[in-house]
Amino acid sequence: MANVERKSADELSVMRESGRLLASVFDYLDNVVKAGVSTMDINNLAERYITDQLNARPASKGQYGYQYVLNSSVNHVVCHGIPSSTQLLKSGDIVNLDITLEKGGFITDSSKMYMIGDVTPMARRLVETTYEAMLEGIRSVKPGATLGDIGYAIQRHAEKNGYSVVREYCGHGIGREMHEEPQVLHYGQKGKGLTLQEGMVFTIEPMINQGKAKVKLKKDGWTVVTADKKLSAQWEHTVAVTPTGYEVLTLRADEHI
């Protein structure tokens, strides 16, 4: 197990501000994301808001050669969907927007599902259950718990509702770098894996599929889709381990975790 950095109180204070700003990006996009808008329009508006209004840096742009500020993953796209000027959102779509932001040298990472217009009850249930699964994972976080506890809680909630958990992609430590140790799997066994300690900061970001867990990488080298073309949903927050439990650094105004 690689060494996992624990953030100091001062570093957590900076990350808290980064997370607060990132949460405000989603508050801004709530009025933007609707039928008829292209995913590239959303990307460009998010970039201008982050740079001009927040005086912050969109940390995904340029990372690993990626050209955009966010990932826009629509319907059966599991993660890493690329914004496109020709992809217009339409009523019935579900879309995940995954955004990172750096302020004061520290990065936070969050994603939110949007349901466009009239979505089917099946799609709504997937989106809501995925959010619940993320909450189950977050609520498992405390000193002395393990990474396996987080994965177990998420997997149990997803599978008892008839869904599957994507195995190939996971949460991750975060701080000065976007991806740090540890890897945070969204499946697992209670009591297994790294023991959590105060000051650890990582993302919890389950990808839950309506059908089978199997995924495919498209030829663009980024976009990951469900192999069976059924829907997928994802939510993500950056979470810090506190002396008594957890703090969600990217908590949005409409959330109560």
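The values are calculated or read from the model by the stated rules, or taken from the named source; none is laboratory data. Because the structure is a prediction, the values reported are computed rather than measured. Cβ coordinates were reconstructed from backbone atoms using ideal geometry, including for glycine residues, and neighbour counts include every protein chain displayed.
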Inset, instruction - Spot the failing condition for Ser73; the list is (1) at pLDDT 95 or above; (2) among the hydroxyl-bearing types (Ser, Thr, Tyr); (3) not in a strand (DSSP E or B), and only one is missed. - result: (3)
Legend entry - Matching entry among Val141, Val119 (being more than 16 Å from the chain's Cα centre (by Cα), under 17 Å from Glu236 (Cα atoms), not basic (Lys, Arg) and not in a helix (DSSP H, G or I)): Val141
Inset, instruction - List every residue pair whose Cβ atoms sit under 8 Å apart, with the two residues 6 or more apart in sequence or on different chains, where the first one lies in region 232-257 and is touching a residue at least 12 places away in the same chain (Cβ under 8 Å) and under 13 Å from Met113 (Cβ atoms) and the second, anywhere, is assigned to a loop (DSSP other than H, G, I, E, B) and of a type in the set (A, V, I, L, M). - result: Ser232/Val166; His237/Leu249; His237/Leu251; His237/Ile257
Legend entry - Single condition Asn44 does not satisfy, out of (1) in a helix (DSSP H, G or I); (2) buried (at least 18 other Cβ atoms within 10 Å of the Cβ); (3) within 21 Å of the chain's Cα centre (by Cα): (2)
Inset, instruction - Name the single residue, out of those in region 220-237 being of a type in the set (Ser, Thr, Tyr) and under 16 Å from the mean Cα position of the chain (by Cα), that is farthest from Tyr163 (Cα to Cα). - result: Thr223
Legend entry - Ala227 being more than 20 Å from Lys7 (Cβ to Cβ) and touching a Lys or Arg at 6+ places or on another chain (Cβ under 6 Å): yes
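A quick yes/no check of all residues on (1) in a loop (DSSP other than H, G, I, E, B); (2) without any contact (Cβ under 8 Å) to a residue 24 or more places away in the chain; (3) over 16 Å from Trp235 (Cα atoms); (4) out of contact with any Gly (no Cβ under 9 Å at 6 or more places or on another chain):
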position: Glu17; (1), (2), (3), (4): no, no, yes, no
position: Phe26; (1), (2), (3), (4): no, no, no, yes
position: Arg48; (1), (2), (3), (4): no, yes, yes, yes
position: Lys61; (1), (2), (3), (4): yes, yes, yes, yes
position: Gln67; (1), (2), (3), (4): yes, yes, yes, yes
position: Val78; (1), (2), (3), (4): no, no, no, yes
position: Val95; (1), (2), (3), (4): no, no, no, no
Legend entry - Any pair with Cβ under 6 angstrom, 6 or more apart, that starts in region 187-204 at a residue that is within 17 Å of Glu159 (Cα to Cα) and ends at one that is among the acidic types (Asp, Glu): Lys190/Asp149
Legend entry - Odd one out for Glu177, checked against (1) closer than 23 Å to Arg57 by Cβ; (2) touching a helix residue (DSSP H, G or I) at 6+ places or on another chain (Cβ under 8 Å): (2)
Inset, instruction - Return a yes/no flag: does region 101-112 have any residue that is more than 17 Å from Leu249 (Cβ to Cβ) and surrounded by fewer than 24 Cβ atoms within 10 Å (Cβ to Cβ). - result: no
Inset, instruction - Please enumerate the residues belonging to region 214-230 that are touching a Ser or Thr at 6+ places or on another chain (Cβ under 9 Å) and of a type outside the set (S, T, N, Q). - result: Lys214, Val215, Lys216, Leu217, Val224, Val225
Legend entry - Members of region 194-219 found to be over 20 Å from Ser164 (Cβ atoms), surrounded by fewer than 21 Cβ atoms within 10 Å (Cβ to Cβ) and of a type outside the set (D, E, K, R), listed by number: Leu194, Thr195, Gln197, Gly199
Legend entry - Single residue of Gln189, Gln155, Gln197 found to be more than 15 Å from the chain's Cα centre (by Cα) and under 20 Å from Met113 (Cα atoms): Gln155
